[in-house]
Amino acid sequence: PNNIAGSPWKRHRRLADSNLVDDINFSGEDVNGNQGEFGEQQQDFAVGTDDFGGGGDYGYTPPTTVTGRELFCLVAGAEKVTAKHQEEAAKLEGTPSLHCDALDTRRESLLNVWSSARSQMTLEMIKSVLDLAVEKPFIIRDSTRHIWAPSQDESLQYYVESVTGENSSLRNLDMLQKKGGLFVDIGSGLGISTLEVSLLYPGATVLSVEPAMPSWLLQRINLVCNLEPKSKMPHPIMSGVGPKNDGMLKMMWRPTSTGATRAWTPHNEKTSQDIELIARLRTLRSILAEAAADEGVADAPSSVVLNIDCEGCEYNIIPAMSEVEFDAIDTIVGTTGVHWGYIPEEKRPSSSRGSSTHERLCSHYDFARQCMECCAYPDLKVRRPGHPTVSSLNGSWLCTNFQAWADEKQLFTSTDDYGWAELTSMA
C-alpha cells in the first residue's frame, strides 16, 4: 500500500482515489493521509447489516471476511484498511482473505467500475449493495472462481450449475469460435453467463445488458476479478430492453434471490429486504447501435447469439423485432425458457403478445425442447440440422397435458396488456 500511495506512476489517480475514499466512508487513511468521514468509528472487517437487512445468518459462511465496501477501500489505497486486511490474511496461514487482486492487477479496472457506478447510481445504493456483497467460490471452467454476490443469495448456486453444467446450451455455440461472433446477454444478472461465454469463446465479442443497478454493479466487479486483465473484456450496459426507447420498467431486486429480479414478484413474497427499482427501457437495435459506435462492437458480426434470461422481458423484446432483425439472429438460447406459466394472472401480457413471442422463440432449439408454451406449435420447424418439428423434440412427454395447462394459464384468453411491466413490480 505504501508503494501505491507514493508511486509516481499513480499520482494522476490520487485525486480520484481520495474522492473514492470520501464517498465510501471507511475507517482509515486515503493515499493523502486523510481520514474518511466516519474516521475510527467503522468496525473491523465483518459482514455487517445494511439498508436491505444483509449480514444475517442465512446458513452460509463466507470464505472471506471482506465485503464489497472494503474491497473498494483497498482499491482506494486505504492504508489502515489494507493493514487490517494483511493482518487477517496472515491469520489464515497463507489462504487469502480476498481473492480479487484489488491492490495490483485489478486495481485500475476497479477504479473504473467505481467511476462508472457513481455516474449511474446513488451513493447510498452503491454502499448498500457493497455492504451485502462477499466472494463465494464456484468451480467454473475447471477453476475456482470467486463470485461477488449478497451473502444470503439462495439462487446463485442453482444458476451457476445451470449455466456452467455439461448440459448448458452455452457449450454448443460453435459459431462464436469464428472471428466476428457476437454474444448478447439480455438480463445478465451477476454476469455468470457472460463470464462463462467469455471463458469458453475468448475471441467472441460479448455484450452484457442488465437493467437492475445492484446486479449490474456486482457483475462489473465479477468480470474484472475473474477474467484475466489482458483478455477480451465484455461490454456491460445498464439498461432494460423494450419495444421503444425511454420506456419504463418497474422491477423488484431481491438480495436473497438475485436471479429472480423481475416485474411480477407475487405480493405475498415481498420481504423488507427487497427493493423496487425503475429501469429505463431501450430497444435492442438502439443498444446494439450504441455498442457499435462506442464499445467497438462490430456493426456487421459474422454470427449473433442472443441469450434471454430476463424473467419475462422476452414479451417486450421479441414482438418488437422486425422480421429482418429476428432472422439476423443465428441462435437464441435461454436457461429458464419463457415465463408465461409463471407470471401471475394480473401481470400477464396479452395472448396476442404472448403468441408472437412464443412462435418466434419456439423456432429455436433451447425453447422448443423445454417450454410448454411451444406445444401450441407442434408442426413448427426448429432451426437445427434436419429441421425437426417442435412435437418431435418434446411432444412425447412435455405436451401430454398441454390443453389443460393452457386453459389454466389463460394462454389464449388474456385480453390486454394492462399492468404489464410498467405499473408496479409486484403482482
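Tabulated results
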{"read-out": "Every pair of residues 6+ apart whose Cβ atoms lie under 9 Å, when the first sits in the stretch 331-355 and is in contact (Cβ under 8 Å) with a residue 60 or more places away in the chain and within 21 Å of residue 249 (Cα to Cα) while the second is surrounded by fewer than 21 Cβ atoms within 10 Å (Cβ to Cβ) and basic (Lys, Arg)", "value": "340/409; 341/409; 343/409; 345/409; 348/409"}
{"read-out": "Every residue from the stretch 204-227 that is open to solvent by less than 10 Å² (accessible area, probe 1.4 Å) and either outside any strand (DSSP E or B) or farther than 18 Å from residue 284 by Cβ (or both)", "value": "204, 212, 214, 215, 216, 217, 218, 219, 221, 222, 223, 227"}
{"read-out": "Test: residue 250 is of a type in the set (Lys, Arg) and in a strand (DSSP E or B)", "value": "yes"}
{"read-out": "Positions within the stretch 131-160 being of a type in the set (S, T, N, Q), farther than 19 Å from residue 199 by Cβ and out of contact with any Phe, Trp or Tyr (no Cβ under 9 Å at 6 or more places or on another chain), in sequence order", "value": "155"}
{"read-out": "Selection status of residue 246, acidic (Asp, Glu) and surrounded by fewer than 24 Cβ atoms within 10 Å (Cβ to Cβ)", "value": "yes"}
{"read-out": "Single unsatisfied condition, residue 305 versus (1) over 21 Å from the mean Cα position of the chain (by Cα); (2) among the hydrophobic types (A, V, I, L, M, F, W, C); (3) at pLDDT 95 or above", "value": "(1)"}
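The values are calculated or read from the model by the stated rules, or taken from the named source; none is laboratory data. Just so we're clear, the structure is a prediction, and the values are computed from it rather than from any experiment. All Cβ positions, even for glycine, are placed from backbone atoms using ideal geometry, and neighbour counts span all protein chains on display. To get the accessible areas, we keep the full protein, side chains included, count just its heavy atoms, and leave off ligands, DNA and RNA. Shrake-Rupley method; radii C 1.70, N 1.55, O 1.52, S 1.80 Å.
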